[in-house]
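We did not get these values from a lab; they are worked out from the coordinates using the rules stated. The structure displayed is predicted, hence computed values, not measured ones. Here the Cβ positions follow ideal geometry from the backbone for every residue, glycine too, while neighbour counts run over all protein chains shown.
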Amino acid sequence: MALYSRNVHSIADAPRDGSTPCPCCGGRESVARLQLDGANSVVAVCTTCGTGRCDPMPGPDEIASFYPPAYYGAGGQKFTGPMERVVRLMTSRQARRLSADLRPLGDRLRVLDIGCGRGDLVGSFSALGFDAHGTEIAPPPDGEFPGTLHAVGDLAEAGFDEESFDLVVLWHVLEHLADPRGTIEEIHRILAPEGRLAIAVPNFSGWQARWAGPSWFHLDLPRHLFQFSRRGLETLLRSNGFDVEREDYFSLRQNPFGWVQSALNRINLLPRNGLYDLLQRGETRPGERLGWTRRLMLLSLAALLTPIAVGLSVVAGFAEQGGAMTMVARRGSSAAASRLE
């Protein structure tokens with residue numbers, strides 16, 4: 001069974017060695033709080049800003065093993081037909097919202113999607129007439145990409161010119177990166193003056209994460225190397241020369257499903273993230289079969305829980321406690337802060 005499909009359990013808040021500072025606030029004190037069965041790392045939570053991180057951090061080769069080809073979807077599709085159409089529609093709307101009111105540096109708006117996956121968002125930006133770029137560890141298996149792809153493992157490896165992008169997007173990607181501070185510093189360098197950075201991450205400090213605990217769907221261990229709190233992400237951006245302009249804690253794409261799958265994860269009879277597996281083109285995990293009884297149970301419970309989940313998501317969004325959070329920031333006039341010692 002793949003690591004990401006194994007159970008997560010809470011552990012005692014044991015203090016961790018403070019030799020590695022928190023990349024968000026620089027705090028050196030943390031406590032171990034969660035562990036994935038069969039993994040060497042624990043989730044250590046910073047006692048200053050509440051951001052969690054894998055400790056010890058996996059090496060590059062181990063991180064690469066977390067992303068088999070099936071992670072990106074086969075044949076250009078990741079989900080079943082109806083769900084795939086909904087995702088693409090939401091992505092197109094997202095591209096329009098993120099680029100609204102931006103003034104291009106040159107003749108065309110130049111945008112960069114970091115960790116672009118199969119290129120859905122890049123394709124939506126291209127359809128709007130923008131000069132759209134994306135970075136990913138490797139090209140898509142089918143060799144097709146709807147924009148300019150830069151196959152790099154680290155943003156700095158791409159060697160982009162200084163102040164060369166009007167918009168940079170990190171959409172549920174920052175939590176996957178081993179060096180989030182270094183990435184934000186590099187983004188500050190390549191963004192044009194007054195350029196915009198849009199980041200979306202799961203909200204480790206929100207109601208959903210606190211209620212679900214080790215059952216939280218958006219933990220996605222061990223792929224999520226960091227679990228960002230609101231305070232941690234704000235501190236990371238501001239300490240690197242960004243002015244946070246807008247925060248949003250409601251996501252129709254992320255929050256209701258997070259409530260539903262987290263609730264299902266708390267039922268021992270059901271496989272962890274089983275509903276998500278079914279929605280990915282109706283497939284289950286390699287080497288594991290779901291019987292019709294458990295399939296029916298998953299789908300029936302999901303149908304019953306969805307209206308409740310939508311209501312909870314609306315309330316949590318208004319309270320700024322949603323399961324996912326989006327921050328839109330402008331590149332400020334101040335220089336990026338120096339790397340934490």
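Phi-derived couplings, Karplus 6.51 cos²θ - 1.76 cosθ + 1.60 at θ = phi - 60°, listed residue by residue for the stretch 319-324: 7, 6, 10, x, x, 10 Hz, with x used for Gly and Pro. Mean separation of Cα pairs under 8 Å and 6 or more residues apart, divided by the residue count, gives the chain a relative contact order of 19 percent. Amide H to amide H, with H built 1.01 Å from N, R108 comes under 5 Å of no residue 5 or more places away or on another chain.
Sparsely packed loop sites in the stretch 89-164 (the GluC sites (Glu not before Pro) outside DSSP H, G, I, E and B with at most 15 other Cβ atoms within 10 Å) comprise E144, E162, E163. Sorting D37, D277 by the number of Cβ atoms found within 10 Å of their own Cβ, with the fewest placed first, yields D37, D277. I'd like the distance separating the alpha-carbon centroids of the stretch 126-159 and the stretch 224-282, in whole Å. For the stretch 126-159 versus the stretch 224-282, the Cα centre distance is 24 Å. Backbone phi angles across the stretch 229-243, fed through the Karplus curve with coefficients 6.51, -1.76 and 1.60 (θ = phi - 60°), yield HN-Hα couplings of 8, 4, 5, x, 5, 4, 5, 4, 5, 5, 6, 10, x, 10, 9 Hz in residue order; Gly and Pro are listed as x. Between M297, M327, M57, the residue with the greatest mean-square fluctuation in the GNM of the chain (Cα pairs under 10 Å linked by springs) is M297. Across A132, A95, A64, mean-square fluctuation computed from a Gaussian network of the chain (C-alpha pairs under 10 Å connected) peaks at A64. Quarter the surface of the alpha carbon convex hull of the chain and you get the mean projected area, 16.6 square nanometres. The charge dipole of the stretch 150-217, taken about its Cα centre with unit charges on the Cβ of Lys, Arg, Asp and Glu (plus for the first two, minus for the last two), comes to roughly 520 debye. Sequentially through the stretch 291-300, phi angles give Karplus couplings (6.51, -1.76, 1.60; θ = phi - 60°) of x, 5, 5, 6, 4, 5, 5, 4, 5, 5 Hz, Gly and Pro residues having no value and appearing as x. In the chain, taking the dipole from charged Cβ atoms about the Cα centre, the farthest positive-side position among L301, G274, P58 is held by L301. Using only helices, what value at 222 nm comes out for the chain when you add -39,500 (n - 2.57) per DSSP H run of length 4 or more and divide by the total residues, to the nearest 500 deg cm²/dmol? Result for the chain, helices only: -9000 deg cm²/dmol. Rg/Rh for the stretch 185-334 (Cα atoms only, Rh after Kirkwood) is 1.06.
Rounded to the nearest 20 debye, the dipole magnitude of the chain is 1260 debye, with +1 charges on Lys and Arg beta carbons, -1 on Asp and Glu beta carbons, and the Cα centre as origin.
Projected onto planes of every orientation and averaged, the convex hull of the alpha-carbon atoms in the stretch 96-171 covers 4.9 nm². Less than 5 angstrom separates the built amide H of Q227 from those of G52, R53, all sequence-distant by 5 or more or on a different chain.
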